[in-house]
1. Under 10 Å, Cα contacts only: if you run a Gaussian network model on the chain, which one of 287, 70, 196 comes out with the highest mean-square fluctuation?
2. Where a ≥ b ≥ c are the square roots of the eigenvalues of the C-alpha gyration tensor, would you call the stretch 185-261 rounded, which needs a/c under 1.5, or, failing that, prolate if a/b is larger than b/c, or oblate?
3. Taking the Cα atoms only, what angle lies between the long axis of helix 11-69 and the longest principal axis of the chain, rounded to 10 degrees?
4. How much length is gained if the chain between residue 68 and residue 212 is pulled fully straight, taking 0.36 nm per residue apart and subtracting their Cα-Cα distance, in nm to one decimal?
5. Take the chain, connect every pair of alpha-carbon atoms lying under 10 Å apart with a spring to form a Gaussian network, then pick out the residue of 115, 50, 86 with the largest mean-square fluctuation.
6. Sort 141, 94 by accessible area with a 1.4 Å probe, largest first.
7. Sort 254-264, 273-283 for me by packing, meaning the mean count of neighbouring Cβ atoms within 10 Å per residue, highest on top.
8. Note down the nm distance, to one decimal, between modelled labels 7 Å out along Cα→Cβ at residue 13 and at residue 230.
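The values are calculated or read from the model by the stated rules, or taken from the named source; none is laboratory data. Note that the structure is a prediction, hence the values are computed from the model and not measured. Virtual Cβ from ideal backbone geometry, glycine too; neighbours counted across all protein chains shown. Ligands, DNA and RNA are stripped out before the accessible areas are found, and what is left, the full protein with its side chains, is counted by its heavy atoms. Shrake-Rupley method; radii C 1.70, N 1.55, O 1.52, S 1.80 Å.
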Amino acid sequence: MTIIGIPHRPQGIALIQVLLITAILSVLALYLSSTSKDQVKMAQWADDKAEALVAMHSAEANLLFALLTNSKKQSSRDLLANESLASRWNFFAYPFKANEHITVKIQDQSGLIHAHFPEPSFLKALIAYQGLNSNEVNRIYDSLLDWQDLDSIPRINGDELLSNPANIRNGAVPDLHDFSFVPNMTSNLQRSLLKNTTLYNKGFFNPMDAPEELLAAITNGEIAKQVSTLRESGQLNEIQFSQLTGMVESDKVLFYPSNILSIEFEGKVGMSMIRKKILVELSPYANQFQTPINVFSNRG
């Protein structure tokens, strides 16, 4: 009697199947591992961002409170024993640490030229600092005023663009970038005006908080460097400033910061960067008719 047997499956096929399954599982494991790492990284970024935001909100709240409750008069830092914000801040846009993660720059708006009602000698000096001759300076200066005045009568060196009445502002500029429409405006001069002029001013000029470029324009480059070196090290006082620049206080010049401040915050936690810029007016003696903080702009 003959027994027909079942064919025997080769062992090689089973081995290939095992290896194939192992390879698939290995690839899957690698994918899951890579995905997990990406998720952990994204979670860390989110955590860093949240920590940076918290640090910035804390820095902003503490700084505004300190500005409302402390004198802004700057003293030599080596005479200050504490590490309060008032011992570290300045009002000429030199960076200082607000906390572990946040760096701050404050620019006193009285240290800039008022764009609406500029002091002629200061604005002309700033324009001349760009290398323009006296005729070009007078033409730009008069054009800047013609652009904002209410009439259509050009000044001696100005330009009311009478040939194109539709392109005359005849009003105070709402944004400094508006100066790009002024005749004969160059890109370098526009950048200088953006940095050294302001729409917000309390009616006096504080040269001790002026940017170095503006100081160099109204005095000279060497004096501006000396002033910058002294004030960045916290050693500049009113007497030294007057001796170096020849400028003294008057009804239009005051060596004290105003309450209108541009404040820039910048922070980094891990790989997360965060920035914010606010322009505020502070009222330390606010009452029911006036809020303590008036925010003109808030970006970031």
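1. Highest fluctuation among the options: 287.
2. Oblate, because a/c is 1.5 or more while a/b does not exceed b/c.
3. With rounding to tens, the tilt is 20 degrees.
4. Full extension of this stretch gives 49.1 nm more.
5. Sorting by GNM fluctuation, first place goes to 50.
6. Working: 141 20, 94 80 Å².
The ordering from most to least exposed comes out as 94, 141.
7. The most tightly packed comes first, giving 254-264, 273-283.
8. 9.6
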